[in-house]
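Just below is one structure, and these are the notes that go with it.
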Amino acid sequence: MRVSNLFTKTLKQAPAGEVAKNAQLLIRAGYVYKEMAGAYAYLPLGLRVLENIKQIVREEMNAIDSNEVVMTTLQRRDIWEKTGRWSDDVVDVWFKTKLQDDTELGLGWSHEEPIVEMMKQYVHSYKDLPVSLYQFQTKMRNELRAKSGVMRGREFVMKDMYSMHTSKEELDGYYEQAIEAYKRVYERLGVGADTYVTFASGGAFTKFSHEFQTVCEAGEDVIYLHREKNIAVNEEVLDEAAAELGVDKAELEAVKTVEVGNIFNFGSQKTDEMDLYYTDADGKQQSLYIGSYGIGITRMMGVIAEKMSDDKGLVWPENIAPYRVYLVSIGEQGGKRADALYETLKSKGIEVLYDDRDERPGAKFADAELMGIPIRVTTSDRLGDSYEYTERASGETLVLTHDELLAKLEQSQ
């Protein structure tokens, strides 16, 4: 993509009233546009980042034999009434609306009940199980506060997965597979070392759950860590969980975190409540066991922006960045060499954002740093036949020949 053709514009200052660092950077760098508190539009650069995050999650969910679907955002009242979760006293984040015939509907904040209802058409016997489905979808939650940029939205993109099993043991086994898959996701997103499986309350879902909490100063949660034992407990269940896990609260360290994922083991409660059963090998009706597994995609983007940035702007990892290379041309001859290099990089499948604007070199370099593209390559009249190769994360700069540059870029693909 040429910058001259890209729908984006960088800003020197973030909009007044935007206090979250992640949103300030993402808005200034041209990744998102703020519609209102808790609701953001994702521009071409931002969308590419989201799709890269989704692809990492998709690959790991596929690896544990889950199937991707897309459910509807519209939610039937009668389905949620079966489990008592239509009530605003039980779930206080509903957005609700009505059809023209006054039929009341909800806008999806989660999808356990609709998934279970759908499975009544597809699960009848033990031969139909286990089954696991996941989706990427925009969720709607009427949060009281939405002040942490894209990390806490009223409208956000989430990966939610649901698995159904013939027994508690089978569900427990898959639940552990999901935990390991989540660990791989966070490792690939570059936050694995700072992300902890955390014992937490199930809230409106179930009595207890496991959260995935990433250490982050901008976080709204507090967890208690025992780093040596790799134990993490959410503040809200500290007393009960510490006793159950056999740790002394005095040994735990309080840290600020952001919840980047959660998983719930419902057992057979939800399927029993909604009258979903299966027939076993002896022809007897049995309960199904269900698990629910979520990852905040847009929230993850915000967490990475918070943690991987500096005073110049964003610093994306290569597997998340919208483009690997930011190509800068300076001068007439530098422009001709940049044109040729741009075509070469495209032909080799190297994703490149070419700053072909008639703009000052300093402005181009500043935008490259603000956008956080991992590698900047510069051509100029001064460099002649050589290229300047600069890593965004380290600031290390090398002067390379054409062949050396291509070899270095291809080697790290």
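The values are calculated or read from the model by the stated rules, or taken from the named source; none is laboratory data. Here the structure is a predicted model, which means the values were calculated and not measured. Cβ coordinates were reconstructed from backbone atoms using ideal geometry, including for glycine residues, and neighbour counts include every protein chain displayed.
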Inset, instruction - Evaluate the stretch 158-172: report whether one residue or more is part of a loop (DSSP other than H, G, I, E, B), of a type in the set (K, R) and surrounded by fewer than 20 Cβ atoms within 10 Å (Cβ to Cβ). - result: no
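Matching residues to (1) under 23 Å from V32 (Cβ atoms); (2) acidic (D, E); (3) touching a Leu at 6+ places or on another chain (Cβ under 7 Å); (4) at pLDDT 95 or above:
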site: A146; (1), (2), (3), (4): yes, no, no, no
site: M151; (1), (2), (3), (4): yes, no, no, no
site: E170; (1), (2), (3), (4): no, yes, no, yes
site: G173; (1), (2), (3), (4): no, no, no, yes
site: R184; (1), (2), (3), (4): no, no, no, yes
site: V191; (1), (2), (3), (4): yes, no, no, yes
site: V197; (1), (2), (3), (4): no, no, no, no
Legend entry - Complete set of residues in the stretch 366-413 that are surrounded by fewer than 13 Cβ atoms within 10 Å (Cβ to Cβ), assigned to a loop (DSSP other than H, G, I, E, B) and touching a Ser or Thr at 6+ places or on another chain (Cβ under 8 Å): D385, E396, T401
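Among the residues of the stretch 59-72, write down those that are in contact (Cβ under 8 Å) with a residue 40 or more places away in the chain and not in a loop (DSSP other than H, G, I, E, B). Please lay out each step first, then the result.
Here is the first cut: in the stretch 59-72, the ones in contact (Cβ under 8 Å) with a residue 40 or more places away in the chain are 60-61, 63-72.
Once the filter is applied, which keeps residues that are in contact (Cβ under 8 Å) with a residue 40 or more places away in the chain and not in a loop (DSSP other than H, G, I, E, B), the stretch 59-72 yields E60, M61, A63, N67, E68.
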Inset, instruction - Determine whether V260 is under 28 Å from the mean Cα position of the chain (by Cα), not aromatic (F, W, Y) and not assigned by TED's automatic domain parsing to the domain that holds V222. - result: no
Inset, instruction - Assess whether W86 counts as being free of Cβ contacts under 8 Å to residues at least 24 places away in the same chain, more than 23 Å from Y182 (Cβ to Cβ) and of a type in the set (A, V, I, L, M, F, W, C). - result: yes
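Here's the yes/no breakdown for (1) aliphatic (A, V, I, L, M); (2) crowded, with 21+ Cβ neighbours inside 10 Å:
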site	(1), (2)
V255	yes, no
S287	no, no
W316	no, yes
D339	no, no
E343	no, no
Inset, instruction - Being part of a helix (DSSP H, G or I) and touching a strand residue (DSSP E or B) at 6+ places or on another chain (Cβ under 6 Å) is the filter; apply it to the stretch 1-26 and report the residue that is nearest to R141 (Cα to Cα). - result: L26
Inset, instruction - Starting from residues that are charged (D, E, K, R) and crowded, with 16+ Cβ neighbours inside 10 Å, keep the ones in the stretch 103-142 and report whichever is farthest from Y277 (Cα to Cα). - result: R141
Legend entry - Options L50, L11, L43; residue that is surrounded by 18 or more Cβ atoms within 10 Å (Cβ to Cβ), in contact with a Gly (Cβ under 9 Å, 6 or more places away or on another chain) and either in the same structural domain as E187 (by TED's automatic domain parsing) or hydroxyl-bearing (S, T, Y) (or both): L43
Inset, instruction - Any residue in the stretch 361-377 that's over 10 Å from A321 (Cα atoms): show its pairings with residues that are at pLDDT 95 or above and in a helix (DSSP H, G or I) at Cβ separation under 7 Å, as long as the two are six or more apart or on different chains. - result: L370/R28; R376/A368; V377/L405
Inset, instruction - Tally the residues that are buried (at least 16 other Cβ atoms within 10 Å of the Cβ) and either assigned to a loop (DSSP other than H, G, I, E, B) or out of contact with any helix residue (DSSP H, G or I) (no Cβ under 8 Å at 6 or more places or on another chain) (or both), restricting the search to the stretch 318-332. - result: 6
Inset, instruction - Could you identify the single residue in G17, G30 that is surrounded by fewer than 17 Cβ atoms within 10 Å (Cβ to Cβ) and in the same structural domain as M140 (by TED's automatic domain parsing)? - result: G17
Inset, instruction - Please tell me if A241 is touching a residue at least 40 places away in the same chain (Cβ under 8 Å) and either of a type in the set (A, V, I, L, M) or buried (at least 22 other Cβ atoms within 10 Å of the Cβ) (or both). - result: yes
Legend entry - Hey, E343 out of contact with any strand residue (DSSP E or B) (no Cβ under 9 Å at 6 or more places or on another chain) and part of a helix (DSSP H, G or I) or not: yes
Inset, instruction - Sort through T298, T344 and tell me the only one that's β-branched (V, I, T) and in the same structural domain as N62 (by TED's automatic domain parsing). - result: T298
